[in-house]
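Student: For reference, the structure I am asking about is given below.
The values are calculated or read from the model by the stated rules, or taken from the named source; none is laboratory data. This one's a predicted model, so the numbers in the text were calculated from it and none came from an experiment. Glycine also receives a Cβ, built like all others from the backbone with ideal geometry; neighbour counts cover every protein chain displayed. With ligands, DNA and RNA removed, areas are computed over all heavy atoms of the protein, side chains included. Shrake-Rupley method; radii C 1.70, N 1.55, O 1.52, S 1.80 Å.
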Amino acid sequence: MKSFLFIFIFLGLINFSFGQDIKRDNIWMLGADLDPTYPQTGIDFNSGNADTFSLIRPMAFFLTNASICDTNGQLLFYTNGNYVSNRLHQMMPGTAGFNPGDNTTGTYPYGNGIVQGAMIIPWPESPDKYILLHMSADNFWIGGHFYGRPLSLRYSVIDMRLDSGNGDFTNFKNEILVDDTIVNGRIAACKHANGRDWWILSHEAWSNQFYKFLLTPDTIVMYGSQNIGAVIIPEIDVLGSAIFNNSGNRFAYLTDTVLTLFDFDRCTGMLSNSLNINITDTLNLRMLNCAFSESGRYLYACNNFHIFQFDMQAIDIPGSKTIVATYDGFTTPQFFRSIFYLMKLAPDHKIYVSTYEGSSYFHVIN
């Protein structure tokens, strides 16, 4: 593993790997500074390498971050969960009232504080349409405990033919898919075995229930639900991730304390063979994020001070745990530590790991 310098303070990371959808993920919009005179930044993978760029644009990111490119790798639009910007880095005309909730209201315009709180998927067989899945969080009390949790999973439809080809919301905006208390973020999706449709998963809070949706050329429908894996308790569940491998046959779901692995049937949408892995180390830190390698052979998971590797081909997967990186105490001149945070498999086949305190460095798993 190595670290290298980027010229920005990084707090958010996009959350979706398209696998076979080449170039859809080739532009990463990054940056967290709201000063309109200060350049924001990003990474362009269209050359095959991670090329940084900077530009003046209004949108900053906290944790919610989703963007999408066309099939040539050119940016179409992106969101921080507060609003949506087009490829010209202008707010889409119809974005007012997008993603209602206390978290959106309280964080505007800095960006929602939900990891994997938005996802953009091309609408099957409709080259100009995209579905934007999103959630905010609302504040409420139950049994004397205060919570800030999503009370619904919503979607909006973006049509790139609108606003002179720069894209805008259709009449389908803030449509509710799930009217229930769900976990923060961790929206996950993968292609159906037919190579056209999409499976989409979300998780109910205070339970082990996954909600499942199927996106087809005609509609998006709830395909049912399944009780499997660990119960997600909001009192202790703050960060984590949900990710499919590139083949779509393995699914990892990480909470603060438990990593659960599943097999996934891309024909039926069924999860099976759940395996809970309690990841502990001498520091007993909460886990933050995970990512599969390009081949799917290895799964990486991190807390602030360690990155763990698991071999998916091992007979004893929990027993294959290896620490492959340990925070070495490095700080920037501004005294930001480069401790580990969010992980993302990139189009250049490497895994990039952001830093928790806003350090101007990324870590890279080659």
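Student: Assess whether residue 323 counts as being part of a strand (DSSP E or B) and open to solvent by less than 60 Å² (accessible area, probe 1.4 Å). Steps first, answer last, please.
Tutor: Numbers: part of a strand (DSSP E or B): yes; open to solvent by less than 60 Å² (accessible area, probe 1.4 Å): no.
No; evaluated as a whole, the condition is false for this residue.
Student: Then there's this: Residue check: is residue 187 modelled with pLDDT of 95 or more, surrounded by fewer than 18 Cβ atoms within 10 Å (Cβ to Cβ) and touching a Ser or Thr at 6+ places or on another chain (Cβ under 7 Å)?
Tutor: no
Student: Here are some conditions: (1) at pLDDT 95 or above; (2) more than 19 Å from residue 24 (Cα to Cα). Residue 148 meets all but one. Which one does it not meet?
Tutor: Going through (1) at pLDDT 95 or above; (2) more than 19 Å from residue 24 (Cα to Cα) one by one, residue 148 breaks only (1).
Student: I need the full set of residues from segment 292-304 which are outside any strand (DSSP E or B) and surrounded by 19 or more Cβ atoms within 10 Å (Cβ to Cβ), in order please. Show your work before the answer.
Tutor: Start the filter on segment 292-304 by keeping residues that are outside any strand (DSSP E or B), which leaves 293-297, 303-304.
Correct list: 303 only.
Student: What residue, of 51, 44, 25, is loosely packed, with under 14 Cβ neighbours inside 10 Å and charged (D, E, K, R)? Don't jump to the end; show me each part of the working.
Tutor: Details: 44 fails: loosely packed, with under 14 Cβ neighbours inside 10 Å; 25 fails: loosely packed, with under 14 Cβ neighbours inside 10 Å.
51 is the lone residue from the list that is loosely packed, with under 14 Cβ neighbours inside 10 Å and charged (D, E, K, R).
Student: Still on this model: Can residue 275 be described as touching a residue at least 24 places away in the same chain (Cβ under 8 Å), surrounded by 19 or more Cβ atoms within 10 Å (Cβ to Cβ) and among the aliphatic types (A, V, I, L, M)? Let's see the steps before the verdict.
Tutor: Details: touching a residue at least 24 places away in the same chain (Cβ under 8 Å): yes; surrounded by 19 or more Cβ atoms within 10 Å (Cβ to Cβ): no; among the aliphatic types (A, V, I, L, M): yes.
So residue 275 fails the test.
Student: Given the criteria open to solvent by 10 Å² or more (accessible area, probe 1.4 Å), of a type in the set (Gly, Ala, Ser), under 22 Å from the mean Cα position of the chain (by Cα) and closer than 21 Å to residue 214 by Cα, does residue 126 qualify?
Tutor: Working: open to solvent by 10 Å² or more (accessible area, probe 1.4 Å): yes; of a type in the set (Gly, Ala, Ser): yes; under 22 Å from the mean Cα position of the chain (by Cα): no; closer than 21 Å to residue 214 by Cα: yes.
Criteria not met by residue 126.
Student: Among the residues of segment 160-176, is there at least one that is open to solvent by 20 Å² or more (accessible area, probe 1.4 Å), closer than 22 Å to residue 266 by Cα and either assigned to a loop (DSSP other than H, G, I, E, B) or at pLDDT 95 or above (or both)?
Tutor: No, that holds for no residue.
Student: Does residue 262 count as within 18 Å of the chain's Cα centre (by Cα), of a type in the set (Phe, Trp, Tyr) and at pLDDT 95 or above?
Tutor: Numbers: within 18 Å of the chain's Cα centre (by Cα): no; of a type in the set (Phe, Trp, Tyr): yes; at pLDDT 95 or above: yes.
Spelling it out, it is not the case that residue 262 is within 18 Å of the chain's Cα centre (by Cα), of a type in the set (Phe, Trp, Tyr) and at pLDDT 95 or above.
Student: Restricting attention to segment 333-343, does a residue exist that is more than 21 Å from residue 50 (Cβ to Cβ), open to solvent by less than 10 Å² (accessible area, probe 1.4 Å) and polar (S, T, N, Q)?
Tutor: Scanning segment 333-343, I find no residue that is more than 21 Å from residue 50 (Cβ to Cβ), open to solvent by less than 10 Å² (accessible area, probe 1.4 Å) and polar (S, T, N, Q), so the answer is no.
Yes/no per residue for (1) of a type outside the set (A, V, I, L, M); (2) surrounded by 14 or more Cβ atoms within 10 Å (Cβ to Cβ); (3) modelled with pLDDT of 95 or more; (4) within 25 Å of residue 291 (Cβ to Cβ):
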{"residue": "63", "(1), (2), (3), (4)": "no, yes, no, yes"}
{"residue": "66", "(1), (2), (3), (4)": "no, yes, yes, yes"}
{"residue": "69", "(1), (2), (3), (4)": "yes, yes, yes, yes"}
{"residue": "73", "(1), (2), (3), (4)": "yes, yes, yes, yes"}
{"residue": "95", "(1), (2), (3), (4)": "yes, yes, yes, no"}
{"residue": "99", "(1), (2), (3), (4)": "yes, yes, yes, no"}
{"residue": "115", "(1), (2), (3), (4)": "no, yes, no, yes"}
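Student: Something else now. Any residue in segment 306-315 that is in a loop (DSSP other than H, G, I, E, B), open to solvent by 30 Å² or more (accessible area, probe 1.4 Å) and within 24 Å of residue 185 (Cβ to Cβ)?
Tutor: The answer is no; no qualifying residue exists.
Student: On to the next question. Quickly run through segment 331-342 and pick out the residues that are in a strand (DSSP E or B) and either within 19 Å of residue 27 (Cβ to Cβ) or among the hydroxyl-bearing types (Ser, Thr, Tyr) (or both).
Tutor: Step one: of segment 331-342, the residues in a strand (DSSP E or B) are 331, 337, 340-342.
331, 341, 342, listed by residue number.
Here's the yes/no breakdown for (1) modelled with pLDDT under 95; (2) part of a loop (DSSP other than H, G, I, E, B); (3) crowded, with 20+ Cβ neighbours inside 10 Å:
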residue: 230; (1), (2), (3): yes, no, no
residue: 234; (1), (2), (3): yes, yes, no
residue: 251; (1), (2), (3): no, no, yes
residue: 256; (1), (2), (3): yes, yes, no
residue: 283; (1), (2), (3): yes, yes, no
